[in-house]
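Read the structure below first, then the notes.
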Amino acid sequence: MKIHKSAEDYLEMILMLKEEKGEVRSIDIAARLNVTKPSVSYAMKHLRENGYIEMDKDSLITLTAAGMQIAQKIYTRHKVIRQFLMQIGVNEADAGADACEIEHVISPATFEAILGQLRP
């Protein structure tokens, strides 16, 4: 199933926050993505309805297996692309910002070629 860039960004951020903090709340997502709490609530509703996340009684957000698969794919792409851009001389800030955009549109073949350049 094809999901939108914004949904991928939310799933990726949930994974990143889970790794950093151990738990994820909507307020943390809003702060990190610089969006409003109502925007996060709307997105979480749709992600939950599509089976990508679950929320418990304390409003803690967890990724389902399907959500984790997408989040890991996007986060891995982000890290690899960022590393590649920095390796070819792009400064860290620009590499991170560019990776955020490229991670959503890069073809599998191009991503594999980049991976090949990073392997020893």
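The values are calculated or read from the model by the stated rules, or taken from the named source; none is laboratory data. Being a predicted model, the structure only gives us computed values, none of them experimental. No Cβ is skipped: glycine too gets one built from the backbone with ideal geometry, and neighbour counts run over all protein chains shown. Accessible surface is based on the protein model in full, side chains and every heavy atom, while ligands, DNA and RNA are left aside. Shrake-Rupley method; radii C 1.70, N 1.55, O 1.52, S 1.80 Å.
For region 15-33, enumerate the residues that are part of a loop (DSSP other than H, G, I, E, B) and either within 21 Å of LYS79 (Cβ to Cβ) or among the β-branched types (Val, Ile, Thr) (or both).
GLY22, VAL24
Within region 98-120, which residues are within 17 Å of ALA71 (Cα to Cα) and either open to solvent by 90 Å² or more (accessible area, probe 1.4 Å) or among the β-branched types (Val, Ile, Thr) (or both)?
Within region 98-120, GLU101, ILE102, VAL105, ILE106, PRO108 meet the criteria.
When the residues of region 25-76 are filtered to those that are over 15 Å from ILE3 (Cβ atoms) and in contact (Cβ under 8 Å) with a residue 40 or more places away in the chain, which remaining residue is most open to solvent (accessible area, probe 1.4 Å)?
THR62
All but one of (1) at pLDDT 95 or above; (2) within 15 Å of the chain's Cα centre (by Cα) hold for GLU101; which doesn't?
(1)
If ALA66 passes every condition in (1) within 23 Å of ALA95 (Cβ to Cβ); (2) at pLDDT 95 or above but one, which one does it miss?
(1)
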